[in-house]
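The values are calculated or read from the model by the stated rules, or taken from the named source; none is laboratory data. These figures come from a predicted structure and were not determined experimentally. Cβ sites come from the backbone with ideal geometry, for glycine too, and all protein chains shown count toward neighbours.
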Amino acid sequence: MKTENIKNALAPCGLSCEKCFAHVDGDIRKYAIKLQDKLGNFDIYAKRFETLVGDPVFKRYPDFKEMLDYFAGESCTGCRSEQCKLFKGCGVRPCHQEKGVDYCYECRDFPCDHTGFDPHLHKRWIAMNETIREMGVEAYYLATRESSRYV
């Protein structure tokens, strides 16, 4: 696999941009658009199904549709081409640009407190980068490309 393709898929922090719900070419957006298409004008039917089926879950269809529309409308092109749209306070992109490293584990200051991540993500970030360092970027990408980003 080409290094450039992997770099487009993996952000400097090690998270997979292509698996993010905000990525314009990601599966989540692609499947959200497909589901919108398959559901068509389900709004009318959801109201009818509240009574016909008798399940109150159909009352929450507008909330579901709003979330589906959100996923289908995302347009991020990845952290290497623009500031992360998911983590507005992310400090990784500007830091990696300033220091000239492709991934955080390559930085002499890794691990640091410049990410802006919450404690859960910060812990994941350290673990991911240690794994990338041990396995190598290509092996890490190949080993994780089918797994969920949201673990």
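Structure above, values below:
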{"quantity": "Segment 129-144, subset over 20 Å from Thr115 (Cβ atoms) and within 18 Å of the chain's Cα centre (by Cα), residue surrounded by the fewest Cβ atoms within 10 Å (Cβ to Cβ)", "calculated": "Ala143"}
{"quantity": "Qualifying positions in segment 21-44 - in contact with an Asp or Glu (Cβ under 9 Å, 6 or more places away or on another chain), surrounded by fewer than 17 Cβ atoms within 10 Å (Cβ to Cβ) and modelled with pLDDT of 95 or more", "calculated": "Gln36"}
{"quantity": "Residue selected from segment 46-75 under the condition of a type in the set (Gly, Ala, Ser) and outside any helix (DSSP H, G or I), by the criterion farthest from Ala9 (Cα to Cα)", "calculated": "Gly54"}
{"quantity": "Members of segment 126-141 that are assigned to a helix (DSSP H, G or I) and not aliphatic (A, V, I, L, M)", "calculated": "Asn129, Glu130, Thr131, Arg133, Glu134, Glu138, Tyr140, Tyr141"}
{"quantity": "In segment 40-68, residue farthest from Ser147 (Cα to Cα) [restricted to those that are free of Cβ contacts under 8 Å to residues at least 24 places away in the same chain and among the aliphatic types (A, V, I, L, M)]", "calculated": "Leu52"}
{"quantity": "Any hit, segment 84-98, residues being part of a loop (DSSP other than H, G, I, E, B) and either modelled with pLDDT of 95 or more or among the basic types (Lys, Arg) (or both)", "calculated": "yes"}
{"quantity": "Residues (basic (Lys, Arg) and farther than 17 Å from Leu121 by Cβ) located in segment 135-151", "calculated": "Arg145"}
{"quantity": "Selection status of Gly78, in contact with a helix residue (DSSP H, G or I) (Cβ under 6 Å, 6 or more places away or on another chain) and part of a loop (DSSP other than H, G, I, E, B)", "calculated": "yes"}
{"quantity": "Out of Leu39, Leu86, sole residue that is of a type in the set (A, V, I, L, M) and in contact with a Cys (Cβ under 7 Å, 6 or more places away or on another chain)", "calculated": "Leu86"}
{"quantity": "Residues (closer than 19 Å to Leu86 by Cβ, in contact (Cβ under 8 Å) with a residue 40 or more places away in the chain and in a loop (DSSP other than H, G, I, E, B)) located in segment 101-116", "calculated": "Tyr103, Thr115"}
{"quantity": "Residues that are crowded, with 17+ Cβ neighbours inside 10 Å and assigned to a loop (DSSP other than H, G, I, E, B), drawn from segment 1-20", "calculated": "Ala11, Pro12, Cys13, Gly14, Leu15, Cys20"}
{"quantity": "Residues within segment 67-84 that are closer than 30 Å to Val101 by Cα and surrounded by fewer than 17 Cβ atoms within 10 Å (Cβ to Cβ), tallied", "calculated": "5"}
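Every residue, every condition in (1) more than 19 Å from Ile6 (Cα to Cα); (2) in the same structural domain as Asn41 (by TED's automatic domain parsing), yes or no:
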position: Lys65; (1), (2): yes, yes
position: Gly89; (1), (2): yes, no
position: Val92; (1), (2): no, no
position: Asp102; (1), (2): no, no
position: Pro111; (1), (2): yes, no
position: Thr115; (1), (2): yes, no
position: His120; (1), (2): yes, no
position: Trp125; (1), (2): no, no
